[in-house]
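Asks: Attaching a single structure in structure tokens format; questions to follow.
The values are calculated or read from the model by the stated rules, or taken from the named source; none is laboratory data. On a predicted model such as this, the values are computed, not experimentally measured, just so you know. Cβ atoms come from the backbone with ideal geometry, glycine included; neighbour counts cover every protein chain shown.
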Amino acid sequence: MSRQFEPKNIFQILLKKNYLYLILFFLISTFFIYFIIYPNLKQLILAGRKLDELRNINKQSDLAINKIITIQSNIERLRNDFNFLDKLIFKKPAINNFLSDIESSLLKNNLKLDKLFINDVDLIGKSNQEAPTLVILKGEASGSFGDFYRFIQEIHRQTRLKEFEKFEIAKENESTEASSLKIKFELKTNYL
Amino acid sequence: MKKKINLVYKPKIDFKEKFFYFVYYYLRYILVIVQIIIIFVFFNKLRYDQEIIDLEESIAQKNEIITISKPLIEQFLYYYRKIEAIEKINKNQYALEDQFQYLLNNIPKEIVLTNLVYEKDSFILSGYSLDPESIRLFYLKLKRDNRFKVINLANLKKNINNYDFVVSLKTWQK
């Protein structure tokens, strides 16, 4: 008859070979890892991430404030020039100013004004502050080539900025004198 | 009668002893490690939280400064747009004057212009000349100077007494 040990259950085996302690050790370790260590480390990592984000935002805010300081100092330095900028590009359409500028330039350069008209102008002139709003004036005049060139120069030298969108110079007809030309022009100005 | 006697002593370990054995040799390591981690987390969390609160306060203050400065920024952007528009207009004005001056200086006396159209950085010149050579020289001069990117001589026609032509010029190059 053999004298082999016949185990009754698994615990006996485990106890015999001291595995029960190991199993319990790992079970309890797992419990602690899952329910205590993992949530704690997770909180720490999340706090670390939040801290990084806040540091980044703080850095950007610092940059923004530095830019604001630069802007403020520049505005203070250039405040006197703003009035001049407002004269270059008006805040309102100021059609009367636009017309008088053109009329005076035409007269000064011996051009005879035939027609002058403006379409689609918002006279209240509430600019959108985002981009300059255009006012386009169409006109017809007669005069010489040289006079018209001087008229262009005169318009360009005026304080309120204007630019030629289009112009056409043509001979009126065969019978009229050589220097007399028919000039159609489109002038634009901005307000902002 | 036979009596079985086991000569190998087998000590009987009770549950209490096993429990204390486990606690002493196994559980204490678990508890110590867990405690070390918890203390590490606790102090770091404390440090992080303090820093987070400080940063949040600092950011809130800076945001207030930015909010207060909004009109200033808008004023700056307004004038910035104005300056941009002024620069663009000035550039266009100088370009037109240069183009016009260039044409005035280079159109030969033999050529008579009947029509000149300017629109968005391009010119169309129509005219006539008694001498076709002057038209050819004018065209070659334009090509050689290369001040306009596109130079096109079209509609060269012979009339009874003269030669009609149309030249289109596009994109001024400084």
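Asks: What number of residues in segment B:21-37 are more than 7 Å from chain A (Cβ to nearest Cβ) and of a type in the set (A, V, I, L, M)?
Replies: The number of residues fulfilling the criteria is 5.
Asks: Continuing with the same structure: Out of all the residues in segment A:102-122, is one or more of a type in the set (S, T, Y) and in contact with an Asp or Glu (Cβ under 8 Å, 6 or more places away or on another chain)?
Replies: Our first condition is that a residue be of a type in the set (S, T, Y); within segment A:102-122, this holds for A:104-105.
Retained after the next criterion (residues that are in contact with an Asp or Glu (Cβ under 8 Å, 6 or more places away or on another chain)): A:105.
Checking segment A:102-122: at least one residue is of a type in the set (S, T, Y) and in contact with an Asp or Glu (Cβ under 8 Å, 6 or more places away or on another chain).
Asks: Another question, then. Between A:S144, A:S100, A:S104, which is surrounded by fewer than 19 Cβ atoms within 10 Å (Cβ to Cβ), of a type in the set (S, T, N, Q), within 27 Å of B:E84 (Cα to Cα) and away from chain B (no Cβ under 11 Å)? Break it down into steps so the answer makes sense when it comes.
Replies: Working: A:S144 fails: within 27 Å of B:E84 (Cα to Cα); A:S104 fails: within 27 Å of B:E84 (Cα to Cα).
So the residue among A:S144, A:S100, A:S104 that is surrounded by fewer than 19 Cβ atoms within 10 Å (Cβ to Cβ), of a type in the set (S, T, N, Q), within 27 Å of B:E84 (Cα to Cα) and away from chain B (no Cβ under 11 Å) is A:S100.
Asks: Let me confirm something: among A:E174, A:E154, which residue is at pLDDT below 90 and closer than 28 Å to B:L103 by Cβ?
Replies: A:E174
Asks: Which pairs do you get when a residue that is within 18 Å of B:I124 (Cβ to Cβ) and within 9 Å of chain A (Cβ to nearest Cβ), found in segment B:85-112, comes within reach of a residue that is of a type in the set (A, V, I, L, M) and assigned to a helix (DSSP H, G or I), reach meaning Cβ atoms under 7 angstrom, with the pair 6+ apart or on two chains?
Replies: B:L96/A:I152; B:F100/A:I152
Asks: Oh, and also: Please find, among B:K18, B:K12, B:K70, the residue that is facing chain A (nearest Cβ under 9 Å) and out of contact with any Pro (no Cβ under 7 Å at 6 or more places or on another chain).
Replies: Numbers: B:K12 fails: facing chain A (nearest Cβ under 9 Å); B:K70 fails: facing chain A (nearest Cβ under 9 Å).
B:K18 is the lone residue from the list that is facing chain A (nearest Cβ under 9 Å) and out of contact with any Pro (no Cβ under 7 Å at 6 or more places or on another chain).
Asks: Please give the strands (runs of 3 or more DSSP E) falling wholly within segment B:90-174 in which 1 or more residues are at pLDDT 90 or above, out of contact with any Gly (no Cβ under 8 Å at 6 or more places or on another chain) and loosely packed, with under 12 Cβ neighbours inside 10 Å. Quick ask: steps written out before the conclusion?
Replies: Numbers: elements: B:111-119, B:122-129, B:148-158, B:163-172.
Fully inside segment B:90-174 and qualifying: B:148-158.
Results for (1) closer than 30 Å to B:N63 by Cβ; (2) small (G, A, S); (3) crowded, with 19+ Cβ neighbours inside 10 Å; (4) within 13 Å of another protein chain (Cβ to nearest Cβ), shown as yes or no for each residue.
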site	(1), (2), (3), (4)
A:D62	yes, no, no, yes
A:F82	yes, no, no, yes
A:L123	no, no, no, no
A:L137	no, no, yes, no
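Asks: Given the condition among the basic types (K, R) and either under 30 Å from B:G127 (Cβ atoms) or out of contact with any Ser or Thr (no Cβ under 7 Å at 6 or more places or on another chain) (or both), answer yes or no: does some residue in segment B:50-65 qualify? Let's see the steps before the verdict.
Replies: Initially, segment B:50-65 is screened for residues among the basic types (K, R), giving B:62.
Still in the running and either under 30 Å from B:G127 (Cβ atoms) or out of contact with any Ser or Thr (no Cβ under 7 Å at 6 or more places or on another chain) (or both): none.
Checking segment B:50-65: not a single residue is among the basic types (K, R) and either under 30 Å from B:G127 (Cβ atoms) or out of contact with any Ser or Thr (no Cβ under 7 Å at 6 or more places or on another chain) (or both).
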